[in-house]
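Remarks on the structure that follows.
The values are calculated or read from the model by the stated rules, or taken from the named source; none is laboratory data. The structure presented is a predicted model; accordingly, all values stated were derived computationally and were not measured. Cβ: placed from backbone, ideal geometry, glycine included. Neighbour counts: every protein chain shown. Heavy atoms of the whole protein, side chains included, go into the accessibility calculation; ligands, DNA and RNA do not. Shrake-Rupley method; radii C 1.70, N 1.55, O 1.52, S 1.80 Å.
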Amino acid sequence: MARTQDHPGEQAASAPIRLLAIRESELSVDEVFRAVGDDAAGGIALFVGTVRNHDGGQDVGALGYSCHPSAQDELRRVAEKVVADFPVRGLAAVHRVGELDVGDLAVVVAVACPHRAEAFAACRKLIDDLKHEVPIWKHQRFSDGTEEWVGAC
């Protein structure tokens, strides 16, 4: 069966950005997943970024995220670019700031589109652009006493 762009469900929703937040509280995969639900979406791609116990060959003892006051506006700009490039039915992105422990959720993003290939591509663009363009910084403290700041996200 050939795809047709004639059906309204094949198009982007009129208000696809459902949830954007930068918060100090714990993140919820369920909250993000529910936010993007749409009856016309045949695919939902979800990415969950967690705090790992190592980086660059060193053991991570503690980690914190901080952000610039413009981070929320930049997150919206990134989301709007994704919506402009893909037929997004629902989009959500939440990033945590503050002190996090190994295993904590640092970022959760999801995109719902009519088809899985679009959902995967849009979700990949969302997390990659968030990581490179939203002014969120990671401060890693290693178990040997050294530390480093890592650029955006």
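At a glance:
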{"quantity": "The stretch 23-32, subset part of a helix (DSSP H, G or I) and in contact with a strand residue (DSSP E or B) (Cβ under 6 Å, 6 or more places away or on another chain), residue least open to solvent (accessible area, probe 1.4 Å)", "calculated": "V32"}
{"quantity": "Any hit, the stretch 83-95, residues being open to solvent by 20 Å² or more (accessible area, probe 1.4 Å), closer than 20 Å to E10 by Cβ and under 13 Å from the mean Cα position of the chain (by Cα)", "calculated": "no"}
{"quantity": "Output for the stretch 62-79, where each listed residue is open to solvent by 60 Å² or more (accessible area, probe 1.4 Å) and of a type outside the set (D, E)", "calculated": "H68, P69, Q72, R76, R77"}
{"quantity": "Top-ranked residue in the stretch 36-57 [being over 14 Å from A13 (Cβ atoms) and not in a strand (DSSP E or B); ranked as farthest from the chain's Cα centre (by Cα)]", "calculated": "G57"}
{"quantity": "Hits in the stretch 119-149 - residues which are open to solvent by 50 Å² or more (accessible area, probe 1.4 Å), over 14 Å from the mean Cα position of the chain (by Cα) and not polar (S, T, N, Q)", "calculated": "W137, R141, D144, G145, E147, E148, W149"}
{"quantity": "Filter result (among the basic types (K, R) and in contact with a Phe, Trp or Tyr (Cβ under 8 Å, 6 or more places away or on another chain)) within the stretch 125-148", "calculated": "K125, K138"}
